[in-house]
Amino acid sequence: MQTIFKGKHFITLQDWTKGEIDTLLEVSFDLKKKFAMGIPTPYLLYKTIFLMFFEQSTRTRNSMEAGIAHLGGHGTFLDTSTMQISHGEEVKDTAVILSRYGHSIACRNCFWEVGNKYLREMAKWSTAPILNLQCDLYHPMQGIADLMTMKEKIGDLKGTKVSIIWAYATSHKKPISVPLTQVLLFPRYGMEVTLAYPKGYDLPDWAIKQAKENAEKHGGTLTITHDIEEAYRGADIVIPKNWGSWVTNQKGEVVDALLESCKTWKCTEKMMKLANKDVMYMHALPADREKEVENSVIDGPHSIVYDEAENRLHTAKAVMTLTMGSK
Ligand code: CP
């Protein structure tokens, strides 16, 4: 069956076949190489993408804005608090109109039990592809950049032991979308995935079920533990990162008794010593330094966080090139 990328929504990688994700990776590597060589990539000449943000961003906003410029197009940054959305304008009206003006609408909306529904509703009405810049459930832009970074460092990922580990943080009640995306995606590449968190920080049951199905289909594994040391022991890659207790407690408060009882869930040099000697430390960023992770780890020899963040640019460009410009 012919794969048509043009117009394809990018809301979750679960909606993309493994073959489509492989193509996305190939295009990402090609764009990275061309960027390094200074070869122009005018694949989206005169095309427009609208970048709607309900929340703050550093990497996502700037990888998209820089990316569309490198591709010869234009990105319009939209702080949704300055749009008529803030006066109650309906999703349908926003999606229909912006899609008539341009070639894609990208959106970050992380409000719990709102964000993904908002994107799906936009997809229903938009005549242009909808790109998810992070919602309450998924962060596919981060997931594909993480996968690219792992492939770059390791090559064939089959059998790679990767641990997605909850970590203590107080900056804000972070979405579950990064670990949820990773736990679904990594088993599709045959990885041995461990998901570790203190009780109360569960991911949704349906997501775990889908992740297990992905593992079974693609020869990966998924193990869940509440033992932090078990997660670090023998790992090739560790991804210690905070997420909020959204599934068990929908209140927006950042600091509560459960969080404060989990301060020991920190990525320390001591924990890193339990892992393989060449273990790699990853984090989507921003990190709560000295809470989620010791500075000596995130700034140390095992950390690949800046390569991971750089790959947000190359993968964002690949997503736009394929969904906005291809056949
Ligand atoms: N990782 C990530 O999405 O970063 P920003 O929140 O800065 O976009």
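We did not get these values from a lab; they are worked out from the coordinates using the rules stated. Every value quoted in this text rests on a predicted model; they were computed, and no experiment measured them. Backbone-built Cβ (ideal geometry, glycine too); neighbour counts: all protein chains shown.
A compact table of results
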{"quantity": "Total residues in the stretch 35-72, condition closer than 20 Å to Ile85 by Cα and either more than 15 Å from the ligand (Cβ to nearest atom) or of a type in the set (A, V, I, L, M) (or both)", "calculated": "4"}
{"quantity": "Hits in the stretch 82-122 (condition: among the hydrophobic types (A, V, I, L, M, F, W, C), within 28 Å of Leu71 (Cα to Cα) and surrounded by fewer than 17 Cβ atoms within 10 Å (Cβ to Cβ))", "calculated": "Met83, Val96, Ile97"}
{"quantity": "Qualifying residues in the stretch 123-140 (those that are free of Cβ contacts under 8 Å to residues at least 40 places away in the same chain and farther than 30 Å from Asp205 by Cβ) - the one surrounded by the fewest Cβ atoms within 10 Å (Cβ to Cβ)", "calculated": "Thr127"}
{"quantity": "Condition broken by Ile239, with the remaining ones in (1) under 13 Å from Val162 (Cα atoms); (2) surrounded by fewer than 22 Cβ atoms within 10 Å (Cβ to Cβ) satisfied", "calculated": "(2)"}
{"quantity": "Test result for Glu292, in contact with a Phe, Trp or Tyr (Cβ under 8 Å, 6 or more places away or on another chain), under 28 Å from Asp227 (Cα atoms) and buried (at least 18 other Cβ atoms within 10 Å of the Cβ)", "calculated": "yes"}
{"quantity": "Tally of residues being more than 16 Å from the ligand (Cβ to nearest atom) and in contact with a helix residue (DSSP H, G or I) (Cβ under 9 Å, 6 or more places away or on another chain) across the stretch 77-89", "calculated": "4"}
{"quantity": "Qualifying helices (runs of 4 or more DSSP H) (wholly inside the stretch 247-327; at least 2 residues being in contact (Cβ under 8 Å) with a residue 40 or more places away in the chain and within 16 Å of the ligand (Cβ to nearest atom))", "calculated": "305-325"}
{"quantity": "Residue within the stretch 226-233 that is surrounded by fewer than 23 Cβ atoms within 10 Å (Cβ to Cβ), outside any helix (DSSP H, G or I) and charged (D, E, K, R) present", "calculated": "yes"}
